[in-house]
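Below is one structure, written out as structure tokens, with a few remarks after it.
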Amino acid sequence: MPNETPDIAPVVEETATDIADMEVRGAATIADAAAAALAAQAQRSEADSSEAFREELEAAASALYETRPTAVSLPNALRYVLRGVEGETVEAMRESTVARAEAFREDLEQAQETLGEVGANRLRDGDVVMTHCHSTDALACVEAAIEDGKEIEAIVKETRPRLQGHITASELRSMGVPVTLIVDNAARRYLDEADHVLVGADSIAADGSVINKIGTSGLAVNARERGVPVMVAAQSIKLHPDTMTGHTVEIEMRDEREVLEETAYADVAADGDVPDDGLTVENPAFDVTPPRHVDAIVTEHGQYPPESIVMLMRDLFGETTTDPWAV
Ligand SMILES: O=C(COP(=O)(O)O)[C@H](O)[C@H](O)COP(=O)(O)O
């Protein structure tokens, strides 16, 4: 039993706070930041034994893991880095941790580029995509299509309550894509002008369910009804290994103030009374889109009908896993 709480580098605490506060957000970006934080922990460690070094690294991984529960890219990233920690001495372990984290970050970038090329093949010249939230994997598909010389237009849902659609709109505009920004409630009306719904994912379950920003499932149901194909761009880091043994994915509930600011609370409360015990504000950050409403999951290994994604999961994960820091 260790006598003291392991030292966590301040930069790890800062990264954890940034992820929890959504200063760093989006599944791929969170994974990248978590790997960088573990490398920083290794670099700054003053541990005097290999056991102490490992305890610090596991404590850092645990702090990062506790930030947000839904994007499986976070535990997958932590597990990947921790499994690569090798050596008998602190110096050797430090070097292997840093190298592993760097390799992870390079692979992540490469996977997104490859995925983009696969996704671009689904987009034709002149197509209009409708987006929800902000997904770097989804935008990689549009970027690759543009590099292929195709003209793409976008209808961008603003995505209440955090308005990630503004980030999507800005990045698409920087690529030269004409953008129509709409409120979320206008999505069904504008689906008639869209050739694809294009979204990312925080987790993909073994049955092909897609866990992504709240509102994705309603959009997919409407898209199916309007005959618009739904394409999910998700690197394999988004595949959730625990769902292979029946576990479900936790949906993050975020602070009600994101939906209703303190200053607006009295407008909604009975007779303007604050607090109002009968008034509940709920803020689920994600929802689950069943596989029957998804046409294709695009990964760096190719595109899959959602029902077949379990084949890729078996290839990549083999048997299932335990807590990310249990190496
Ligand atoms: O739902 C979100 C972000 O939610 P939040 O803003 O709450 O983190 C994104 O669609 C996925 O994370 C995929 O993003 P990426 O493709 O960049 O991994």
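The values are calculated or read from the model by the stated rules, or taken from the named source; none is laboratory data. Worth saying up front: this structure is predicted, and the values here are computed from it rather than measured. A quick note on method: Cβ atoms are made from the backbone with ideal geometry, for glycine too, and the neighbour counts reach across all protein chains shown. Please note that ligands, DNA and RNA were not included when accessible areas were found on the heavy atoms of the full protein model with its side chains. Shrake-Rupley method; radii C 1.70, N 1.55, O 1.52, S 1.80 Å.
Rg/Rh for region 75-226 stands at 1.08; both radii use Cα atoms, and Rh follows the Kirkwood definition. Go through region 149-196 and name the GluC sites (Glu not before Pro) that are in a DSSP coil and have 16 or fewer other Cβ atoms within 10 Å of their Cβ. Passing sites in region 149-196 are E151, E193. Beta bridges per DSSP, both residues in the chain: antiparallel share near 35 percent.
For region 1-80, the list of GluC sites (Glu not before Pro) that fall in a loop by DSSP and count at most 10 other C-beta atoms within 10 angstrom reads E4, E46. In order along region 123-128, the phi-based Karplus estimate (6.51 cos²θ - 1.76 cosθ + 1.60, θ = phi - 60°) of 3J(HN,Hα) comes to 9, 9, 4, x, 5, 10 Hz; Gly and Pro are listed as x. Under the membrane-span-like helix rule (DSSP H runs whose alpha carbons stretch at least 30 Å along the helix axis, mean Kyte-Doolittle hydropathy 0.0 or higher), the chain yields none. Per the Cα gyration tensor, region 123-199 maps to an equivalent ellipsoid with semi-axes of 19, 14, 9 Å, ordered largest to smallest.
Which residues in region 261-299 have a backbone N closer than 18 Å to a point placed 7 Å from the Cα of D315 along the Cα-to-Cβ line? Taking a point 7 Å out along Cα→Cβ of D315, the residues of region 261-299 whose backbone N falls under 18 Å are 296-299.
Residue ranges 135-144, 195-204 sort as 195-204, 135-144 when ordered by packing (mean number of other C-beta atoms within 10 Å per residue, highest first). For V24, what charge total do you get from the other residues with a beta carbon under 12 Å from its beta carbon, if Lys and Arg give +1 and Asp and Glu give -1? My count for the surroundings of V24 gives -3. Probing with 1.4 Å while keeping every protein chain in the model, the per residue accessible area of the chain equals 47 Å².
Rg and Dmax of the chain, based on Cα coordinates, read 21.0, 67 Å. What shape does region 186-316 have by the C-alpha gyration tensor, where a ≥ b ≥ c are the square roots of the eigenvalues, rounded means a/c under 1.5, and otherwise prolate means a/b greater than b/c and oblate the rest? Oblate, because a/c is 1.5 or more while a/b does not exceed b/c. A simple count of charges around R292, restricted to other residues whose Cβ falls under 14 Å of its Cβ and scoring Lys, Arg +1 and Asp, Glu -1, yields -3. Loop-located GluC sites (Glu not before Pro) across region 235-302 with a Cβ neighbour count of 14 or fewer within 10 Å are E250, E261, E282, with loop assigned by DSSP. The residues packed around V156, meaning those with a beta-carbon under 11 Å from its beta-carbon, carry a net charge of -2 if Lys and Arg are +1 and Asp and Glu are -1.
Mean residue ellipticity at 222 nm, helices only, the chain: -13500 deg cm²/dmol; runs of at least 4 DSSP H residues each add -39,500 (n - 2.57), and the sum is divided by the number of residues.
Annotation: the antiparallel percentage among DSSP beta bridges lying fully within region 207-327 is about 75. The Stokes-Einstein estimate for region 10-113, based on a Kirkwood radius over Cα pairs and taken at 37 °C with 0.692 mPa s viscosity, is a diffusion coefficient of 244 µm²/s. Bridging of K213 to lysines at a Cα separation below 17 Å is possible for K157, K238, once same-chain residues fewer than 8 apart are set aside. Each of G119, L181, Q41 was placed along the dipole of the chain (beta-carbon charges, centred on the mean Cα), and the one lying farthest toward the positive end is G119. Measuring nothing but protein heavy atoms, the accessible surface of region 159-308 at 1.4 Å probe radius is 47 percent carbon and sulfur.
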